[in-house]
Structure formats: C-alpha cells, structure tokens
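For reference, the structure discussed in these notes is given below.
Computed from the coordinates by the stated procedures, all read-outs in this text should not be read as laboratory data. The structure presented is a predicted model; accordingly, all values stated were derived computationally and were not measured. All Cβ positions, even for glycine, are placed from backbone atoms using ideal geometry, and neighbour counts span all protein chains on display.
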Amino acid sequence: MKTKSLIYYALISSIFLFSLVSIWKILVTLQGVELKNFNFAIIITLGIAISLLNLLIGEKLNYLIKSTFFALIFTIFDGYIVQVMPIWYNIGIFAILIFFSFKINKYNQKYLASEHSSQIVVFDFLTLFGIVLFSFVILFPFYMMLITSFKTQAALLINPLDFSINFNQDFKELFKSYFVIFDTYKFGRYILISTFVSIGTVIVTLLFAIPAAYAVARLNFFGKNFLSTSILIIYMFPAIVLVIPLYTVFSQLGLRNSVGGLLIVYTATTLPVAIYMLQGYFRSIPKELEEAAIMDKLNWFGIIIKIILPLSIPAISSVALYVFMIAWNEFLFSLMFLDNPNSFTLSRAIQYLSGDAETPRQYLMAGSVIVTIPVLLIFVYFEKYLVSGLTAGSVKG
Amino acid sequence: MSDTLSKIEKRTAYILILPAVFLVFSIILFPIFANVWISFKEVGLKDIRIPEPRAKKIIKSIKDNPDQLKVIYKLRNSSLILEIRDVKFQDKLPKNIKPINLDERCRVKSNKIYCEFGNWEAKYKENFQILLKSSDGKQLNKKELKTIKPKLTGKSDNILLNTNFTLKNFKKVFFQNEFFDLLSTTFYYTFFGTIGSIVFGILTAQLVNQKFFGRTFMRSVLLFPYVGPVVALAYTWELLLDPYSGTLNNLLMNFQVIQEPLNLLGQKYLTINFFGFDLKLRLALTTVIIFEIWRYFPLAFLFILARLQAVPKELYEAAEVDGAGPLQKFINITLPQITAVISILFMIRFIWNFNKFEDIFLLTGGASGTRTLPINVYEQGFTISDIGMGSAVSIVIVALLLIFMFVYFKLIGKRADEN
C-alpha cells in the first residue's frame, strides 16, 4: 500500500462524505428545522476514521454488517453533536452513511497498492461528487420554483428558509396561487395563445421547410450550394438586431399585438434550422425509391407525400418538437410585439406580472411552473427525438 | 430530352424553395439591411407611427326642430409632427335623410357625402358640422346614424422613406454612449460565459460517459436548464438571489458563511481582501455570467458527450496496457478527440452569448454594470425611444459578428489546410 494513495483516499472520501451530509443538512434546514453549523472539522475527522477503519477491517466482516456498523457509529456521534433533531433527520444521515460505506467497500489495502491507485481514487470520488453536486445545483431552482408556488407571501417573508408545505390544509388553499392566476390574471387565455402560436409555428414551419429541404437535398439548381451555406450563416444571426426594423415595419402594417405577426416571425426564425435538419435526413433516404416513383409518373408533390413523408416521420417529429419548444419558450419577440394584455403569450404574461412590484412572488412562481411543466414533460417523454434534434441543430439560445 | 428534364427539375426546385426563401428574406435579411438605412436617420419611436386623419362623430338633436339633427365630426391629424395632404372624407347617410346647407368643400352623391379637406398641418383640429333633415317627415334615427363610421384618407410623408441621412447616431454610439465600457462588459460576459459553459460541458460529459446507476436520468436532468423557458428560470434565480428574502443569502447567513447579505444582482463591485490586496470583483456581472453558464453548459455537454461516445474503446484499452492513468488518458486521448467539437462550440456559443439579450434583461435589466451591447439596443430604441440610435448599435453588433466569423473561418481554414 502506498502512503500517497492512502492519504488521497482518506481525504477525498471524507470530503465527499462531508458534502453529502451538508447537502442533506441544507435540505433539512429548508424544512424549517433550525440547524446552524456544518461541523466541518468533526465530520471530516469522522469520515477519515471510518475510511481508515474500512481498510483495517477489510473483508474480515460481511460488508452488510460493516456498513451498518459504520452508519450506526456515525449517526450516534452526529446525533450527539447536533441535538434535538426530528428522527427523520437521523434516518437520512443513516441512509447516507450506508450509501457511503457501500461506495468505499471496494477499496482495500491491495487495491490502494496498485498502479495509479491515487489517481483512480480521486477520479472515482470526483465522479460521485460531480453527480451529487450537479444534480443538486440544477434541480434546486426547479424545486424552489415549485415549492414557492404553494407558499404564501407572508410565510415566505417571515422565514425564507422554510420550504415545508402543509399538506393538511384545504385543497383550495394549497393551490390558491394557481386559482388566482387563472381567475384574476387570465392565465387560461395565455395558455391557449401560447399553445396556438407554438403549434401554428410548427405547422407553418413544416409546410415551408419540407419542400425546401427536399429541393436542397435532391434537386439540382443554380445557387444550391450558396443556399445551403447561407442557411447556416443566417441561423447565426441574432434576433436582437432584427428587432428594431421588424418593430417599425410591424407597427406601420398594424401587425403588432397580433398573434399572426408573431407566427410569421417565429416561422422565419425557425425555418433555417428546420430546413437544415430535414435535408440532412432526406439525403439518407435511398434515391432508388424516388426513381421508381418517377417511373410511376408521380410528380414532386406525390413523391413528397407518398415516399418522403412516411419514411421521415422520426426526423419530422424531432423537428416539430424542437420548433415547438423554441416557440413556446420565446421571449424577445413577444416582449417587443405584444403590449396588449389580450394577446400575451405565457412568457410575456409572466414578465408583465413581475413588472408590478406588488405581485406576490408565489403567483409569479405559479406562472413559471405552468410555463415550465409542458416543456419539461415533452422533453422527458420525447427525449430520444429531441436530443438528436438538439445535437443536429442545437436550440438557438 | 435531358435538357428539358433538367429545366423541369430546376423549375420545380425554385417552386419548392421559393416560399421559404421569401419568408426568411423578408423577416431576417431585409431587417438587417433596413437597420443600415434606419441607423443613418434621426428617428424616434413616436415618428414611426404613420399620421392618420381621424374623425369622431357626435350627433345632437336640435331643440326647436325635431326633424333635424346636427352631426359634428371632430376632425384631427393624429400626428404631432407631420402634415397630411389631400385629406378625403366620406360618410354614408340613411336613405330618408338629406343634408342641408352643406359646407362648400363637400358634395352629395347617392346618399354619400364626399368632402375634400385639402392639407392638414400637424396637430390640425376642426369641428366640422352637417345639418341633416328627414326627407319624408319621419323621425330621424340617431342610433342608425351613429353606427355608420366615416372614412378618411390622406397622403403623408413616411419619415422612414425620405432621404435625409445623418451620421449623428454613429457619432453618439462611439463618443457619447460609454462605448468602450459597453464593449468591455459585453466581452467579459461573452468570453467567461463561453469558457465556463465549455469547461462544465467537458466535466459533465466526462461524468455521464461513465457507467453508473441513474445515468439516463442524469442526462435528462443536465439538460433541464437548457430546455426550460428563460422567463421562468430567470425569475426563479432572482428570488433565489434576493438579498433579504432570498434563499441563498439566508442559507449562507444561517451557516455563518457570510455575515451580511450580498446583493448579488444589484451591486456593481465587491471588494475582496486577498492577502492584503483589495480586489474589485464585478459582482452583478459575475452573477449574470454564472446564470449564463448554468443555463447553457448543457449544449456543450450534449455536443461533447456525442463526440465522446464515438471515441473507439480500443484507444483507452491500449493506453491501459501501456500503463496510463486516468489523468494521462484524459489528456492524451480524450482531449485531442474533442478539440474539433470544442472549437465549433466556442464559435457558436461566442456568437450567441455576444447577442444574448433575454437573460440579462430579465435578471438585472442592464443595471449595476451588466449593460451589454444587445441590452443597449433595447434601451436606446425603446427606453430612450431613439430608434435610429438603436439601429446604429445593432449595426455595430452585426459588424463585430462579421469580423468574428471572418477571423474564425480564417483560423479554421488554416488548420484544415495543415491537416
């Protein structure tokens, strides 16, 4: 066994344990429990002791017994330091320790003697640490958004750290923020507008993009190469530089505050990437199929409808989902073009709500939950399609 | 024969691409050129409204004379700055009604009144009256009269279409707009945001490329910030970071990490004492950059993960046989494999971060040292209401972007030649 490996192992595993325990403590604090200290020194010492003991005991004991033993020791020590805690706090600590002991079980004296063992230990724990940390940092704001929407302004101001929800209260009381934003702030209408605009954008974009992508993929014409490179360059151009001219022109044509105007802009901004993604897929369809169709005297319309479309359902659905998400999340153009509350999209409505400093934050968060949930559901459910779309085109943002 | 076939093919191709090309041209390319035009003009937000002749119709009965009505049209020019030429007026009358003592600018033709009012200067106002009389002695119907709306037309100059140009906007952009401050903030934001998102992308991709329980779930979770709507996420962060009732500050104070709450989005500088040196950190800008990294590292993650999964396993196995540790494997195998992806990512993210508007706008509104060029476009155009100035800033952005693209393709082209 190498000393270097031993030190690395003991230190990094105890730091990992400390971070696990600390995250648990943060979550516990957020249930309104008073907890003021991470006890860095004590937990690190305990962690080092446990990891060294683990090496000493090795495989002399069954690993189940060993883990339970470690977990018990730690929980008792920790319970002694942090007194008067609800029992579920200790259960959580116990579970963390079981997990930790399972993870360090594979390290024994022989393992630490092997080549590069110190590096491998560091990498192993960094991976675990990374998974825990990234999940926490990413999910925490979403968790906060959801919880805040169920609280009241007064409760939030008294103790901003109390995220506990009282499930015993009346259903109507619990979902009050949601009832309010639907009743008072007309969110039902905004959901309809957002849905209409997004689905409309998907349909119009596909109607324009499929023929164009087919032409770029299959037919020979003058300016084809120029067109396919300019598609990508146009895609790079930022929305912010289009805003002023579009605003002036739309004002003069009376297209501002109209859902139709928004639909035109969204379609135009998603078209380049839709064409790019579709033409890539169309190229992969064997040409022989179309040649047979030409023999059968089908024109291009027939070819697209009867041959290309049925074969490219996966690509088309991935483009459709992806365009839907862009349109649903879009904010800049809806901010510029809509200033009449009757034609707001969801994003614009939430921004409008926040403009009034008096609006209680739980309403804002309830609105945010409503605008976020559909996208996340679609994303999780259709992830396979979307990820291929994301990598092919990458959502503009 | 084949000649005509290729002609047909060409024609079909043009028919197929024309709708898309037309739409993209009118909504994306045309505005870019229009920006150039507008940026050389002195145009305010109020100037872009086209002046309209307007009339409000008021109907009054006359006391002594029940079979007569007085109609007052409150005429006005909607614009405060521009005149309207050749104003024409038209209103319809119900069948049994005839006007009496009609104004000499007007004439009646088959139940319609036509008037020519000539030119109206800016702010023009007039109360124009017509006396109406029933021609068959029946009671006059006020409501029916009221429902008919008069039509007015007129010609006016469109300030956007005349040919008065000025360099004033550009002078203002470069000399009165704290231009270099803007530029440096934009570059800080763009550069650190880009580098940060790529670094975290590499870390997470490396993470997910290993086998562990819950890996697919982890991959979905990592993409959440990227697919979530910016409005919802920005406001959640704003609540999270609030100095008084925000969760983060309260947590940090609860665990005694900090003594005083930090106004993470509202404070321009934070002075840190570092071994006796006072370091000034741009606090709000840093926070905004962290948000940006949080939101956009998933793109880098996805690209790099896709590349990592394509690296042949044999390379790592061979390295292991040669006795390489994890660090050596990462430096000698993984990194060279992903440099191409990273350079593309750098380009994409750099350009998009350079133009990022929503995130900063929603978090700080451009206050406390977070004003970047895109935020300035909005401020000039819509807060200060100077459309010409906003366009000029847009033009600067486009010019800078073209320079990046040029430099980037030069560099990439050079590298491709060397290989």
Next item on the list: Could you check which residue among B:Ile289, B:Ile38, B:Ile348 shows the biggest mean-square fluctuation in a GNM of chain B with a 10 Å Cα cutoff?
Entry: B:Ile348
Check: Using only the Cα atoms of region B:107-161, what do you get for the radius of gyration and for Dmax, in Å?
Finding: 16.0, 53
Margin query: Calculate the FRET efficiency for B:Tyr14 and A:Ser258 from the Cβ-Cβ distance with a Förster distance of 25 Å, rounded to the nearest 0.05.
Written below: 0.25
Check: When the convex hull of the Cα atoms of region B:51-156 is projected onto a plane and the area is averaged over all directions, what value comes out in nm²?
Finding: 6.4 nm²
Next item on the list: Excluding residues on the same chain fewer than 8 positions from A:Lys36, give the lysines whose Cα lies under 21 Å from its Cα.
Entry: A:Lys25
Check: What nm value, rounded to one decimal, do you get for the distance between B:Phe179 and B:Glu314 when each label is placed 7 Å out toward the C-beta?
Finding: 5.8 nm
Check: If you keep only loop residues by DSSP, which trypsin sites (Lys or Arg not before Pro) in region B:150-194 have at most 15 other Cβ atoms within 10 Å of their Cβ?
Finding: none
Checklist line | region B:177-385: radius of gyration over Cα atoms, expressed as a fraction of 2.2 N^0.38 Å | finding: 1.20
Check: Non-local amide H neighbours of B:Leu262 (under 5 Å, H modeled in plane, Pro and chain starts lacking H): which ones?
Finding: none
Item checked: P(r) tail fraction, chain A - alpha-carbon pairs more than 33 Å apart, % -> 56 percent
Check: Expressed as a whole number of Å, what is the distance separating the alpha-carbon centroids of region B:229-278 and region B:335-367?
Finding: 24 Å
Next item on the list: Hey, can you grab everything whose amide H is under 5 Å from the amide H of B:Ser156? Only 5+ residues off in sequence or another chain; H modelled, so Pro and N-termini drop out.
Entry: B:Arg85
Item checked: Degrees between helix B:230-241 axis and first principal axis of chain B (Cα, 0 to 90, nearest 10) -> 60 degrees
Notebook entry, point to check: If one computes P(r) from the Cα atoms of region A:3-148, what percent of pairs lie at distances over 27 Å?
Noted result: 25 percent
Item checked: MRE, 222 nm, helices only [DSSP H, n ≥ 4, -39500 (n - 2.57), over chain B, to nearest 500] -> -16500 deg cm²/dmol
Check: How many Å³ per residue does the convex hull of the Cα positions in region B:143-201 occupy?
Finding: 261 Å³
Item checked: Within a Gaussian network of chain A (alpha carbon springs, distance under 10 Å), most fluctuating of A:Val180, A:Val82, A:Val273 -> A:Val82
Check: Per-residue HN-Hα couplings for region B:388-404, Karplus 6.51 cos²θ - 1.76 cosθ + 1.60 at θ = phi - 60°, whole Hz, x for Gly and Pro?
Finding: x, 5, x, 4, 4, 5, 4, 4, 4, 4, 4, 4, 4, 4, 4, 5, 4
Check: How many angstrom separate the Cα center of region A:200-263 from the Cα center of region A:18-76?
Finding: 58 Å
Notebook entry, point to check: Hey, what D do you get for region B:187-296 in µm²/s if you plug the Kirkwood alpha-carbon radius into Stokes-Einstein at 37 °C and 0.692 mPa s?
Noted result: 204 µm²/s
Notebook entry, point to check: So what's the protein assembly as shown giving for Rg/Rh, alpha carbon basis, Kirkwood Rh from the mean inverse pair distance?
Noted result: 1.06
Next item on the list: If a/c stays under 1.5 just call it rounded; otherwise compare a/b with b/c (prolate if a/b is bigger, oblate if not). Do that for region B:8-65, with a ≥ b ≥ c from the square roots of the Cα gyration tensor eigenvalues.
Entry: oblate
Notebook entry, point to check: Per Stokes-Einstein, at 20 °C and 1.002 mPa s, what whole-number D in µm² s⁻¹ belongs to region A:188-240, with the Kirkwood radius over Cα pairs as the hydrodynamic radius?
Noted result: 159 µm²/s
Next item on the list: Kindly provide the chymotrypsin sites (Phe, Trp or Tyr not before Pro) of region A:162-195 that DSSP labels as loop, not H, G, I, E or B, and whose Cβ sees at most 15 other Cβ atoms within 10 Å.
Entry: A:Phe167, A:Phe175
Next item on the list: Apply 1/(1 + (r/R0)^6) to the Cβ-Cβ distance of A:Thr127 and B:Leu279, taking R0 = 30 Å, and write down the FRET efficiency to the nearest 0.05.
Entry: 0.35
Checklist line | Within 10 Å of each Cβ in A:28-37, the average number of Cβ atoms from other chains | finding: 2
Item checked: Paired Rg and Dmax values of region B:214-279, which use every Cα atom, in angstrom -> 16.3, 48
Next item on the list: Scan around A:Tyr185 for amide H atoms under 5 Å from its own, H built in the peptide plane at 1.01 Å from N, and keep only partners 5 or more places away or cross-chain.
Entry: none
Next item on the list: Within a 10 angstrom radius of each residue's Cβ in A:155-166, how many Cβ atoms of other chains show up on average? Whole number is fine.
Entry: 2
Margin query: With the alpha-carbon atoms as the only input, what is the per residue convex hull volume for region B:331-406 in Å³?
Written below: 108 Å³
Checklist line | Residues in region B:85-110 reached by a label modelled at B:Asp67 [backbone nitrogen below 20 Å; 7 Å Cα→Cβ] | finding: B:93-102
Notebook entry, point to check: Taking Cα centroids, how far is region B:194-226 from region B:18-64 in Å?
Noted result: 47 Å
Checklist line | Most fluctuating residue given options A:Ala293, A:Ala71, A:Ala217, as computed from a GNM of chain A linking Cα atoms under 10 Å | finding: A:Ala293
Checklist line | FRET efficiency, B:Lys125 to B:Ile384 (Cβ-Cβ, R0 35 Å, nearest 0.05) | finding: 0.75
Note to self: Residue by residue through region A:296-313, what is 3J(HN,Hα) from phi via Karplus (6.51 cos²θ - 1.76 cosθ + 1.60, θ = phi - 60°)? Round to whole Hz and write x for glycine and proline.
What the structure shows: 7, 6, 8, 8, 4, 4, x, 4, 4, 5, 8, 10, 5, 4, x, 7, 10, 3
Check: Taking every residue in A:117-127, how many Cβ atoms of other protein chains lie within 10 Å of its Cβ, on average?
Finding: 3
Checklist line | For region A:152-164, 3J(HN,Hα) per residue [Karplus equation, 6.51 cos²θ - 1.76 cosθ + 1.60, θ = phi - 60°, Hz, x = Gly/Pro] | finding: 10, 3, 4, 4, 5, 6, 5, 9, x, 8, 8, 9, 6
Item checked: Helix axis angle, A:224-236 relative to chain A longest principal axis, alpha carbon, degrees -> 50 degrees
